[in-house]
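As structure tokens, the structure follows; a few thoughts come after it.
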Amino acid sequence: MKAEGRPAGIARSTVICIAEDRVSEEIAVRLCIASSRRSNPECPIIAYLPRASASLQHWIAAQSLVDLRMKPLQTTHGCTVKPSALLAVLEERFDDVWWIDTDVLVRRSLTASYGEVDSRIFFATEEALSGDYEDRGHRARALGLNVVRDFSFTLNSGVMRVSACHQTLLRRWGELLESPEYRAAQFLDRAGRPRHFTSDQCVLTGLLCGDEFGDVPVHVLRRGPDIVQYYGPFGYTLRERLGNIFDGGPTFIHCQDFKPWRTAYTDEADPFRSPFKKSYRKLLSETSTYVIEARRFRADVADDLPWTQASSASGNLLRILGFGNHIMTGLPLAIAGDITRVIRWIKKAAQPRSMRRA
């Protein structure tokens with residue numbers, strides 16, 4: 001892959017790209033934009049929001065450097081919009097384009113944190129522990145590619161940084177996401193999908209581990225120092241929290257799995273969950289580092305964010321013990337999650353090799 005670098009002393013132009021077509025996620029869109037604006041006031045944001053409500057349009061109009069795009073992209077179904085959106089923005093001649101999922105909060109300056117990293121290096125993130133974490137080249141082999149590198153984990157596409165030299169990779173990624181095989185897999189239950197077609201990021205992982213794009217340099221944003229992948233009980237481990245005490249916290253906080261702003265995820269009348277699981281999930285939500293951090297932006301998003309309040313006695317107690325800090329709140333749950341994860345690892349290691357998932 002060949003690309004010309006910018007002459008020394010000339011600043012690179014950076015833009016943030018987001019896209020969302022679900023009205024249910026509009027408060028997350030506001031929080032993503034508000035956190036990005038506060039931490040990166042000089043960085044323009046291009047927002048593809050084809051179904052933005054009148055209220056969201058009015059709010060965005062009051063924000064500086066936010067360009068609302070309401071014309072649908074060529075590809076608009078689900079996460080397959082990512083390569084299309086990134087390619088469209090790259091055509092506007094930006095040097096660095098950051099893709100940020102709308103359920104992500106940005107806490108630090110992207111230029112100050114990563115501006116010195118060569119723009120020819122592709123950025124992606126380490127997957128959450130509770131997700132389909134392991135890879136070991138499986139997805140590249142399933143795509144029919146020779147494995148030339150192994151990240152050992154799946155790459156997460158919630159935060160990425162690309163430049164013009166990555167257009168071929170993005171086009172190939174988009175082609176696979178538009179393929180009949182991938183689209184058919186999305187109609188299957190998640191557990192029944194082929195692992196390389198489970199989600200858009202599984203396809204991306206396969207491409208970057210295979211011989212077709214295995215020479216593309218990749219910088220992985222790691223759990224802890226760079227990003228919190230908040231996914232259930234293993235979403236913010238003790239090790240990650242202790243590291244963040246000394247480094248001031250991660251650049252990104254990603255609210256994976258259940259979304260606290262959706263009533264469907266907090267409805268205590270859910271008939272499919274036991275009372276214990278409902279209470280536990282509610283406690284995880286009330287002590288979520290995303291929820292704690294989101295409270296800082298209530299004035300910015302012109303919303304009281306009632307779902308950021310703790311209504312249970314246990315949730316309030318853990319917030320008090322954590323001094324309302326997003327790193328310390330929920331620490332006992334993180335320790336319990338670590339113990340559970342170690343027990344699961346021991347049980348899996350004790351299984352015959354033939355019983356383990358490939």
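Name the residue that is modelled with the lowest pLDDT, counting only residues in the range 234-283 that are closer than 25 Å to I339 by Cβ and basic (K, R).
That would be R273.
Give me the residue from the range 231-254 that is within 16 Å of L283 (Cα to Cα) and among the small types (G, A, S) and, out of that set, surrounded by the most Cβ atoms within 10 Å (Cβ to Cβ).
Only one residue tops the list, namely G235.
Residue check, S179 against (1) under 25 Å from D247 (Cα atoms); (2) without any contact (Cβ under 8 Å) to a residue 12 or more places away in the chain; (3) not aliphatic (A, V, I, L, M), all met but one. Which one?
The number of the failed condition is (1).
Give just the number: which of (1) free of Cβ contacts under 8 Å to residues at least 40 places away in the same chain; (2) in contact with a helix residue (DSSP H, G or I) (Cβ under 9 Å, 6 or more places away or on another chain); (3) within 25 Å of Q167 (Cβ to Cβ) does I46 not satisfy?
(1)
Of the numbered conditions (1) touching a Lys or Arg at 6+ places or on another chain (Cβ under 6 Å); (2) under 23 Å from S53 (Cβ atoms); (3) hydrophobic (A, V, I, L, M, F, W, C), F123 satisfies every one except a single condition; which is it?
In the conditions (1) touching a Lys or Arg at 6+ places or on another chain (Cβ under 6 Å); (2) under 23 Å from S53 (Cβ atoms); (3) hydrophobic (A, V, I, L, M, F, W, C), F123 misses (2) alone.
Out of (1) farther than 18 Å from V106 by Cα; (2) touching a residue at least 24 places away in the same chain (Cβ under 8 Å), what's the single condition that is false for L242?
Single failed check for L242: (2).
Are there helices (runs of 4 or more DSSP H) fully within the range 187-299 with at least 1 residues that are of a type outside the set (G, A, S) and more than 20 Å from A28 (Cα to Cα)? List them.
Where helices (runs of 4 or more DSSP H) fall fully within the range 187-299 and carry at least 1 residues being of a type outside the set (G, A, S) and more than 20 Å from A28 (Cα to Cα), they are 200-209, 238-247, 275-286.
Regarding T111, is this residue surrounded by fewer than 22 Cβ atoms within 10 Å (Cβ to Cβ) and of a type in the set (V, I, T)?
yes
What single numbered condition from (1) among the charged types (D, E, K, R); (2) part of a loop (DSSP other than H, G, I, E, B); (3) farther than 26 Å from P180 by Cα fails to hold for D67?
Going through (1) among the charged types (D, E, K, R); (2) part of a loop (DSSP other than H, G, I, E, B); (3) farther than 26 Å from P180 by Cα one by one, D67 breaks only (2).
Yes or no, residue by residue, for (1) at pLDDT 95 or above; (2) outside any helix (DSSP H, G or I); (3) surrounded by fewer than 19 Cβ atoms within 10 Å (Cβ to Cβ):
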residue	(1), (2), (3)
R93	no, yes, yes
R120	yes, yes, yes
A124	yes, yes, no
R149	yes, yes, yes
N156	yes, yes, no
M160	yes, yes, no
T168	yes, no, yes
R172	yes, no, yes
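Kindly check whether there is at least one residue in the range 127-144 that is under 30 Å from V15 (Cα atoms), surrounded by fewer than 19 Cβ atoms within 10 Å (Cβ to Cβ) and at pLDDT 95 or above.
The answer is no, given that none of the residues of the range 127-144 is under 30 Å from V15 (Cα atoms), surrounded by fewer than 19 Cβ atoms within 10 Å (Cβ to Cβ) and at pLDDT 95 or above.
The values are calculated or read from the model by the stated rules, or taken from the named source; none is laboratory data. Bear in mind the structure is a predicted one, so any value in this text is a computation, not a measurement. Backbone-built Cβ (ideal geometry, glycine too); neighbour counts: all protein chains shown.
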